[in-house]
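Engineer: Here it is, the structure, as structure tokens.
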């Protein structure tokens, strides 16, 4: 299992219509890709960093994650929405420790 996470800040104000549209469209597009499970959209609340939001999703294995990354809908979302609308981000992918120890 791979848990793919990203924290990010949008160029739009947090409560704006543009932010709501981005989050709505992201959920619709990304959850429509086969292999995505346990998708969550999160609001970041820690005072230790200044990111606004997070996405978390899981994939059964590396092959499913690779298919997601290469899927035309994901590629288009990154190109058409993520790059123009995200100010900054950090991506972290995890596997359970039992899988690597």
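What follows is calculated from the coordinates using simple rules that are stated; it is not laboratory data. What you see is a predicted model, and the numbers here were worked out from it, not measured in a lab. Cβ sites come from the backbone with ideal geometry, for glycine too, and all protein chains shown count toward neighbours.
Engineer: Among the residues of the stretch 15-49, count how many are in contact with a strand residue (DSSP E or B) (Cβ under 8 Å, 6 or more places away or on another chain), assigned to a loop (DSSP other than H, G, I, E, B) and either surrounded by 11 or more Cβ atoms within 10 Å (Cβ to Cβ) or at positive phi (or both).
Structural biologist: Selection size over the stretch 15-49: 3.
Engineer: So, one more: Could you check, for the stretch 67-84, whether at least one of its residues is surrounded by 14 or more Cβ atoms within 10 Å (Cβ to Cβ), part of a strand (DSSP E or B) and within 12 Å of the chain's Cα centre (by Cα)?
Structural biologist: no
Engineer: Follow-up question, since we're still on this one. Determine, yes or no, whether residue 87 is in contact with a strand residue (DSSP E or B) (Cβ under 9 Å, 6 or more places away or on another chain), surrounded by 11 or more Cβ atoms within 10 Å (Cβ to Cβ) and assigned to a strand (DSSP E or B).
Structural biologist: yes
Engineer: Only one residue in 4, 24, 12, 38 is touching a helix residue (DSSP H, G or I) at 6+ places or on another chain (Cβ under 8 Å) and either under 30 Å from residue 98 (Cα atoms) or without any contact (Cβ under 8 Å) to a residue 24 or more places away in the chain (or both). Which one? Break it down stepwise before answering.
Structural biologist: Working: 24 fails: touching a helix residue (DSSP H, G or I) at 6+ places or on another chain (Cβ under 8 Å); 12 fails: either under 30 Å from residue 98 (Cα atoms) or without any contact (Cβ under 8 Å) to a residue 24 or more places away in the chain (or both); 38 fails: touching a helix residue (DSSP H, G or I) at 6+ places or on another chain (Cβ under 8 Å).
Just one listed residue meets the conditions, 4.
Engineer: Is it fair to say residue 60 is more than 19 Å from residue 22 (Cα to Cα) and surrounded by 13 or more Cβ atoms within 10 Å (Cβ to Cβ)?
Structural biologist: no
Engineer: Among the residues of the stretch 42-61, write down those that are under 16 Å from residue 92 (Cβ atoms) and out of contact with any helix residue (DSSP H, G or I) (no Cβ under 6 Å at 6 or more places or on another chain).
Structural biologist: Result: 42, 44, 46, 48, 49, 51, 53, 54, 55, 56, 57, 58.
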